[in-house]
Amino acid sequence: ELKEIVFIIQSQSNSFHSKRAEDLKRDILKQAADLGKELPMVLLIHQMDRHEGAWTILPLMRDFSVAYGRNSSWIFFCEEDTRIQVVKLLETLGRFDASKEWFLGKALYDEESTIIHHYAFAENPTVFKFPDFAAGWALSVPLVNKLATKLKSEPLKSDFTIDLKHEIALYIWQKGDGPHLTPVPEFCTDDVNSFKLDQCATTFSNFLPLCREPVKKEDVFVAVKTCRKFHGDRIPVVKQTWEREAALIEYYSDYTDISIPTIDLGIPNTERGHCGKTFAILERFLNHSSPRTPWLVIVDDDTLISIFRLRKLLSCYDPNEPVFLGERYGYGLGTGGYSYITGGGGMVFSRTAVQKLLASKCRCYSMDAPDDMVLGMCFSGLGIPITHSPLFHQARPMDYPKDYLSHQIPVSFHKHWNIDPVKVYFTWLAPNAEETLNGKKVGYDREDL
């Protein structure tokens with residue numbers, strides 16, 4: 001029965017994202033009503049705000065178990081852009097005995113071991129499957145109850161949440177004692193126009209959000225963090241690739257080099273962390289750039305980014321809100337902790353967010369503290385939620401499953417290690433790779449990189 005499925009939408013409190021999640025909730029309930037079925041429970045993660053780490057899902061298992069452990073059969077998770085055909089979903093879940101422990105989803109796997117998964121299963125990473133959240137994934141209630149019991153006696157150990165879908169699958173797998181992910185072909189990431197639509201219980205809107213005209217080039221100020229030792233090899237890559245997309249760009253270094261040109265902020269370079277430099281950039285943006293420039297982007301000198309796509313994405317956000325946008329990681333979320341935007345994929349701030357941050361007096365505890373984590377801690381303390389976009393990437397294309405990237409139009413990648421960064425940019429991020437025809441992406445030539 002439909003009422004035995006609890007739908008959990010992995011929503012966010014930012015106004016753009018919460019509206020999308022509400023739209024999906026309405027669609028699910030309308031489909032249920034049209035079927036004449038008793039309406040299911042549809043919950044939005046961002047409204048479960050007793051938990052700072054609600055987005056990491058595992059801390060909610062005990063709540064799910066208490067509330068739904070007796071009268072429900074399935075907890076079904078999806079993203080705000082997942083589209084669900086309720087009848088087909090009912091039929092699909094009906095194939096599985098809900099009194100047993102099931103972990104269902106569309107399977108992803110690593111083709112080679114990767115740093116974002118701590119080089120797990122190094123001998124053969126393809127053996128371990130984890131779910132593509134975009135396609136939706138489901139846990140049977142007996143498994144939810146088991147996880148809730150385990151979490152009561154064994155709190156989550158990991159300090160860092162880096163790739164949630166992989167970490168949840170590892171936790172459920174329990175070193176081989178728990179269930180593996182069971183691949184479900186009806187959980188799809190094909191676009192809604194796909195010829196496979198009849199076979200799919202879920203589909204995914206694989207487009208770059210565009211809510212109105214892209215924000216103007218002059219509305220985005222780009223700050224590149226660099227240092228003298230990288231002027232010769234990393235800065236030329238920026239100049240050959242995405243610099244031309246930025247109308248307002250400055251390079252901040254520990255040394256003034258007029259040929260680039262770089263600006264010495266008077267902050268000595270540190271081997272790690274760079275918190276002092278980042279806060280100096282924030283101060284400079286607030287006090288020395290035009291107050292009419294609503295957006296600041298801070299990137300590393302080995303970040304590859306599409307400002308062209310970012311301007312489209314930013315059309316969906318209100319710069320009058322305190323927006324802090326990028327790829328979300330978590331620290332210590334099982335025990336309080338906070339979420340943060342990981343720096344390598346690029347950190348995007350509305351001017352309003354920078355104003356609120358600097359007015360708060362929250363600052364680095366040392367010059368070489370990790371800037372992205374300090375920013376996360378500060379915004380958390382201010383009650384300003386960070387906004388996650390999976391289109392920003394802390395690592396290289398080869399560090400992600402091909403099937404995962406196939407339904408994305410990425411905004412950034414990071415690191416030049418063992419790749420040709422210019423080739424990566426022109427393959428994945430250059431504006432001409434972005435054109436679409438009848439909703440289908442064209443012009444991609446994503447050879448193995």
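For the reader, a short list of remarks on this structure follows.
- Whole-angstrom Cα spans of the stretch 41-123 along principal axes, big to small: 42, 35, 28
- Of Thr226, Val323, Tyr400, farthest towards positive along the dipole that unit charges on Lys, Arg, Asp, Glu beta carbons give the stretch 217-438: Val323
- Label separation (Lys423 vs Asp257): 2.5 nm, computed from points 7 Å beyond Cα along the C-beta direction.
- Applying both filters, DSSP loop and at most 11 other Cβ atoms within 10 Å, to the chymotrypsin sites (Phe, Trp or Tyr not before Pro) of the stretch 313-409 gives Tyr365.
- The charge dipole of the chain, taken about its Cα centre with unit charges on the Cβ atoms of Lys, Arg (+1), Asp and Glu (-1) only, comes to about 840 debye.
- For the chain, with +1 on Lys and Arg beta carbons and -1 on Asp and Glu, the positive-most of Gly105, His17, Thr256 along the dipole: His17
- Degrees between helix 275-288 axis and first principal axis of the chain (Cα, 0 to 90, nearest 10): 70
- Remark: the Leu197-Glu22 segment gains 60.7 nm on full extension, using 0.36 nm per residue and subtracting the alpha carbon distance.
- Residues His288 and Asp233, FRET efficiency given R0 of 25 Å [Cβ-Cβ distance, rounded to 0.05]: 0.30
- Ratio Rg/Rh [Cα only; Rh per Kirkwood] for the chain: 0.97
- Extension gain, Leu210 to Thr335, is 41.3 nm, computed as 0.36 nm per intervening residue step minus the present C-alpha separation.
- Crossing angle, helix 15-34 versus the chain [Cα axis fit, 0-90 degrees, rounded to tens]: 20
- Only helices enter this figure: runs of n ≥ 4 DSSP H residues, each worth -39500 (n - 2.57), summed and divided by the residues of the chain, yield -8000 deg cm²/dmol at 222 nm to the nearest 500.
- Heavy-atom accessible area per residue - the chain, 1.4 Å, Å²: 43
- Largest-first principal axis extents, alpha carbons of the stretch 217-438, Å: 47, 42, 35
- In the stretch 2-204, a dipole from Cβ-located charges (positive for Lys and Arg, negative for Asp and Glu) runs towards its positive end, and of Trp173, Phe204, Leu60 it is Leu60 whose Cα lies farthest in that direction.
- The stretch 180-273 shape via C-alpha gyration tensor axes, a/c threshold 1.5: prolate
- Shape of the stretch 2-204, Cα gyration tensor, a/c cut at 1.5: rounded
- Inter-site label distance for Ser99 and Ser406 at 7 Å from Cα along Cβ, in nm: 3.8
- Residue pairs exceeding 23 angstrom between C-alpha atoms, taken from Lys88/Lys150; Lys129/Lys402; Lys106/Lys165; Lys88/Lys312; Lys19/Lys129; Lys216/Lys239: Lys88/Lys150; Lys88/Lys312; Lys19/Lys129.
- Modelled label reach - Gln174, point 7 Å along Cα→Cβ, the stretch 109-151 residues with backbone N closer than 17 Å: 139-151
- Neighbour count of at most 15 Cβ within 10 Å plus DSSP loop: longest GluC sites (Glu not before Pro)-free window in the chain: 272-434
The values are calculated or read from the model by the stated rules, or taken from the named source; none is laboratory data. Here the structure is a predicted model, which means the values were calculated and not measured. A quick note on method: Cβ atoms are made from the backbone with ideal geometry, for glycine too, and the neighbour counts reach across all protein chains shown. Surface areas here come from the heavy atoms of the whole protein model, side chains and all, with no ligands, DNA or RNA. Shrake-Rupley method; radii C 1.70, N 1.55, O 1.52, S 1.80 Å.
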